[in-house]
Amino acid sequence: MIEVRGLTKRHGRVLAVDDLSSDVPPGEVTGFLGGRRRAPAGLAAAGPGRRPVTADVLVVGAGLAGLHTATLLARRGHDVLLAERRPALTGAIRTTGIFVRKTLDDFPLPEDLLGPPIRRVVLYPPGLRRPVTLDSARDEYRVGDMAPLYAAAARTAAGAGVRLALGTRCAGRCDGGWLLAGPEGPVRVRARYVVGADGARSRVARDLGLDRNRHLLVGAEEVFGVPAGDRTPTFHCVLDPSLAPGYLAWVVDDGRHAHVGVAGYADRFPDGLRRALARFRAGAPGLPPGGAPAEVERRGGPIPVGGLLRRIGGSDGLLVGDAAGAVSPLTAGGLDPCLRLSELAADVLDDALRAGRPDPLAHYDGAALRARFRGRLALRHGLAQVRTPAAARAAFAVLRTPPGRAAARRVLFGDRSFPAPGRSPRATASEEAGAARP
Ligand SMILES: Cc1cc2nc3c(=O)[nH]c(=O)nc-3n(C[C@H](O)[C@H](O)[C@H](O)COP(=O)(O)OP(=O)(O)OC[C@H]3O[C@@H](n4cnc5c(N)ncnc54)[C@H](O)[C@@H]3O)c2cc1C
């Protein structure tokens, strides 16, 4: 039996443990997690007589949005607890990991974890005949090596002082706090603010009474190594509603890895998502010759494409990334938006914590940002209407004209990214340099 009475622990300004009294009977596991810079604060199992764990901010979900928001807040001196239900960030990946030029320009992602640049996109109609090839003079895309990229981002977060609790699921609100279910049992957390970075089907959004994603695609892909050769790194996109209803099927071959995937509206796949992927894989364009790969990684998940949600913040917290619907409705790209929105989220939370009141969170206004998505929402509506192979072929007739090609180039190679928030991020120059650098 371990007995603790009235234990208080401070690290500078941060109250890590406040008057903790606890008995730990033999055989019961009580966890203590912490980053490198700040000494760990307690994550004691909940139970009668146990005080809740405290934090300035509880971030739920350690995807790119949660990791980035948590790191920015910890760098500004706040006590951040980041809870992630996956036991390791290198498994159950839900993204292809294509980073667009604007993200590569603005965020210092680790060079060694990015694949070779891609400048070529080939667009195919159903049947794959007479594709349209578009080449850019600039490096447009690079595919991230996502498992080590998440792991490196987690190390950066821990280095900034974030307490990262893996294998720990947020089970919702309880007794004025939040209940986490982790390897050491249930833990009650009392945080001034909570950040829902818990993906497209956010539970935090529901518990905070904020908007939730209703307009979703589902996607699945296979990833495998490919032999090096003299192929031009290429992004192949197939517009065929029998394979990918309402979106695209794709092959990305950057000379190191191939990603073969399909995405579309769940209720429109004629024989389900997995079978559509198998059908596409059997005749996918652009794959290097060779037999079936020895090792295949499978990825997949929902993709919110209804545009940024209107109500993404309230007096108790806010949403970032997919939870906020921060995904381009047209291209379904969410990596750039989740990094950019996380910066605004960290700004307003920093202001609110310093002011000691939630008023600055009013600046976190999804409705205002959403207005800048109108064009892309209209194009998403158009893409959703391509319901038959005949309609897709008709769209290709337009795409082959000079104005059609120019429009495709604007979408694929344009300079637009997630709309810059009305306020510029207030991060210091040194913080900016380290932002998103895992
Ligand atoms: C198949 C596919 C391919 C894609 N490809 C691209 C691409 O190439 N380029 C691009 O820009 N975008 C792409 N996207 C979209 C992009 O990946 C997402 O928009 C982006 O990764 C969202 O990051 P996030 O941190 O908001 O969410 P996520 O990465 O989904 O992270 C959410 C995290 O929350 C955790 N979580 C959920 N619930 C709880 C809970 N109750 N308690 C604790 N933890 C919880 C989850 O385990 C997860 O780790 C793709 C999406 C899919 C599905």
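Every number in this text was worked out from the coordinates using simple rules, so none of it is lab data. What you see is a predicted model, and the numbers here were worked out from it, not measured in a lab. Here Cβ is always computed from backbone atoms with ideal geometry, including for glycine, and neighbour counts include all displayed protein chains.
Observations
- Phi-derived couplings, Karplus 6.51 cos²θ - 1.76 cosθ + 1.60 at θ = phi - 60°, listed residue by residue for segment 212-225: 10, 5, 10, 10, 10, 9, 10, x, 8, 8, 10, 10, 8, x Hz, with x used for Gly and Pro.
- For D79, the residues whose amide H sits under 5 Å from its own are D56, V57, ignoring neighbours fewer than 5 places away on the same chain, with H placed 1.01 Å from N.
- Net charge in the neighbourhood of V57 (other residues with Cβ under 12 Å of its Cβ; Lys, Arg +1, Asp, Glu -1) is 0.
- Ordered by the number of other Cβ atoms lying within 10 Å of each residue's own Cβ, fewest first, V226, V251, V204, V262 fall into the sequence V226, V251, V204, V262.
- Here the extension length gained between R268 and A228 equals 10.7 nm, from 0.36 nm per residue of separation less the Cα-Cα distance.
- Counting other Cβ atoms within 10 Å as a rough exposure proxy, the listed residues C237, C174, C338 run C174, C237, C338 from fewest neighbours to most.
- Computed over neighbours whose Cβ is under 13 Å from that of R138, the net charge equals +1, Lys and Arg +1, Asp and Glu -1.
- As a proxy for reagent exposure, R274, R340, R212 were ordered by neighbouring Cβ count within 10 angstrom, fewest first; the result is R274, R212, R340.
- Peptides 303-311, 157-165 ordered by average Cβ neighbours within 10 Å, highest first: 157-165, 303-311
- Near R268, once Lys and Arg are set to +1 and Asp and Glu to -1 for all other residues with Cβ below 14 Å from its Cβ, the sum equals -1.
- Virtual paramagnetic centre 7 Å along Cα→Cβ of R275, amide N under 20 Å, in segment 283-308: 283-284, 301
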